[in-house]
Amino acid sequence: MKRLNCAIYTRKSSDEGLEKEFNSLDAQREACAAFILSQKHAGWACLPDLYDDGGLSGGTMDRPALQRLLGDIQAGKVQIVVVYKVDRLTRSLADFAKIVDVFDAHGASFVSVTQQFNTTTSMGRLTLNMLLSFAQFEREIAGERIRDKIAASKAKGMWMGGNVPLGYDIKDRKLIVNEVEAETVRMIFRRYAELGSVRALGHELDRLGVVSKRREGAGGVLAGGNRFSRGALYTLLQNHLYRGEIAHQGNIYPGRHEPIIDAQLWQVVQEKLSGNRQARALGATADEPSLLAGLIVDGSGGRMTPTHAVKKGRRYRYYVSTSLITGARSDHTKGWRIPAGDIECLVFDRLRAFFASASDVGEALSCFELDASRLRLALSKAMQLTDGWAALPSVGIRELVRSVVGNVEIHDEKIIVSLKRKEMASVLLGDTFSLSTIKGPETFELHIGAKLRRAGKGIRLVVGGGVAETPDGQMAALMRDAHATREALMTGRDITIDAMAHRLGIKRDYLSMHMRLTYLAPDIVRAFISGRYPPELTPARLLSLCKDLPHDWQLQRAVLGFETHSRAGDA
């Protein structure tokens, strides 16, 4: 008698109860094995291979055990597939047709223990099609019930799951404000209201080391903690959860959780986002997307040209010295290629600080010999301008900058912003200002204590007294990842670093370099976190040096250049 190899296929839609010693899959397999044993006289023999798909829906064919079963059928290892019920194999008519095609092409058939059918006959196929139609109908009805339940729950202001947003934690299936993260969210909203540019905001968050919410993913692997992409920032700035609301299919409902962003700041941010979308749609910013275009020059007086580069789909803007574009190769060491967002943020912040200072505004207008009432009017206008700075649309900021700024000079040790006194007086006094003879220079200079230092192939902007006032985002993230790697190895389920590398699917050397960074001297780690480290020490160079990093802390300072950096700072 010809032997017919029988494969038992089992499936359960949810993973609930699978941890039990005897679960639903075991019950299905036991019933199928008993049926195969009853057909022993017909040559049926049960294969020892297990084809179990626990916790997987029957509405898709993307199931590991099912794909392995179909592969064994095509290889001629299986002649009969035994299932407990038809819908264990599939709930989709389209998928069932594909599976039957595979069975027919390789002379295989399948049997349902509780509904005996022979798929080799037309009547068997008709009956199966009818059963599967009802199975698919049941599946669609269940989906509609779930969607209706979610819609009704959201209409009542209930949070229905998903990734927990930055600023909140989850407790008893409810959103609870995380005050530390909530302050970060408020800072992001405030800075966007002030900058008016998601790209500039992203650059600033990178410098500050602000990353996305860290969460534990599948298998205990940490997820999140990444730099904010432009898309992620747009999503965050438009997330109604931060206003204490729930959004669903275009409708907004009052939520049951506490808001993080107040109504005024939310409105300002939404208006700026809407205005920027409209400006891009109309091409209003297409000609001169860089706000300092035509105003910025390098230390030698050469005009700096706005340009950009695209890497991995991301657009990076720069201001480039003319010598780098038209000059000889020998001039390339003298020119600058500076990130546009860094310079623009510095200039805008300094300009806003100027208008907020009554003494600075008064000194800039002293050349006009204004009477007391007009001076008070100018100071009041300057204060109004400062208070409403966050509400100014990007077009308004651009007009203000281009009207009052004469030029921006980039020097090795400082940045000089020259303001046009007459235009500034016109902005502050409006129609009450009439041109008069200026007693003194026609421009008023604002100085920014910033240095430009070459770091690898790029330029690093060092602000303040020779050191950065805020840490470099990449360096801070590198330190966090290094200590997270060590913590995971010391407390996790991996015995060796090789086991961790295999589990995470990354190179062992990558983890080893991160582990070496955790043995840095405490003061060196603090320097990296605060941003007080040699400008030429980039993350890539640090990883390269750590391959042969000495254990002695004093030698570490010498190898990494901290001793030279300290002497330069003291000087």
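So the values come out like this:
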{"item": "Any hit, the range 163-181, residues being open to solvent by less than 60 Å² (accessible area, probe 1.4 Å), free of Cβ contacts under 8 Å to residues at least 40 places away in the same chain and farther than 30 Å from residue 500 by Cα", "result": "yes"}
{"item": "Test: residue in the range 208-218 that is charged (D, E, K, R) and open to solvent by less than 40 Å² (accessible area, probe 1.4 Å)", "result": "yes"}
{"item": "Candidate set: the range 37-57, residues that are of a type in the set (A, V, I, L, M, F, W, C) and not in a strand (DSSP E or B); chosen: the one most open to solvent (accessible area, probe 1.4 Å)", "result": "37"}
{"item": "Test: residue 197 is buried (at least 19 other Cβ atoms within 10 Å of the Cβ) and modelled with pLDDT of 75 or more", "result": "yes"}
{"item": "Residue match in the range 65-72 (condition: within 18 Å of residue 109 (Cβ to Cβ), in a helix (DSSP H, G or I) and not hydrophobic (A, V, I, L, M, F, W, C))", "result": "yes"}
{"item": "Test for residue 143: is it surrounded by fewer than 12 Cβ atoms within 10 Å (Cβ to Cβ), closer than 22 Å to residue 70 by Cα and at pLDDT 75 or above", "result": "no"}
{"item": "Among (1) open to solvent by less than 40 Å² (accessible area, probe 1.4 Å); (2) at pLDDT below 85; (3) on the phi > 0 side of the Ramachandran plot, the one test that residue 275 misses", "result": "(3)"}
{"item": "Pairs where the first residue, in the range 413-424, is under 13 Å from residue 402 (Cα atoms) and in contact (Cβ under 8 Å) with a residue 60 or more places away in the chain and the second is buried (at least 18 other Cβ atoms within 10 Å of the Cβ) and small (Gly, Ala, Ser), C-beta under 9 Å, 6+ apart", "result": "419/364; 424/364"}
{"item": "Test: residue in the range 513-524 that is under 26 Å from residue 210 (Cα atoms), modelled with pLDDT of 75 or more, more than 25 Å from the chain's Cα centre (by Cα) and among the polar types (S, T, N, Q)", "result": "yes"}
{"item": "Strands (runs of 3 or more DSSP E) fully within the range 332-429 counting 3 or more residues that are hydrophobic (A, V, I, L, M, F, W, C)", "result": "405-410, 415-420"}
{"item": "Residues satisfying the stated conditions in the range 61-107, i.e. of a type in the set (Lys, Arg), without any contact (Cβ under 8 Å) to a residue 60 or more places away in the chain and under 15 Å from residue 5 (Cβ atoms)", "result": "68"}
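The values are calculated or read from the model by the stated rules, or taken from the named source; none is laboratory data. Treat the numbers as computed from the prediction; the structure is a model and nothing was measured. Cβ sites come from the backbone with ideal geometry, for glycine too, and all protein chains shown count toward neighbours. The accessibility values were calculated without ligands, DNA or RNA, using every heavy atom of the protein model including side chains. Shrake-Rupley method; radii C 1.70, N 1.55, O 1.52, S 1.80 Å.
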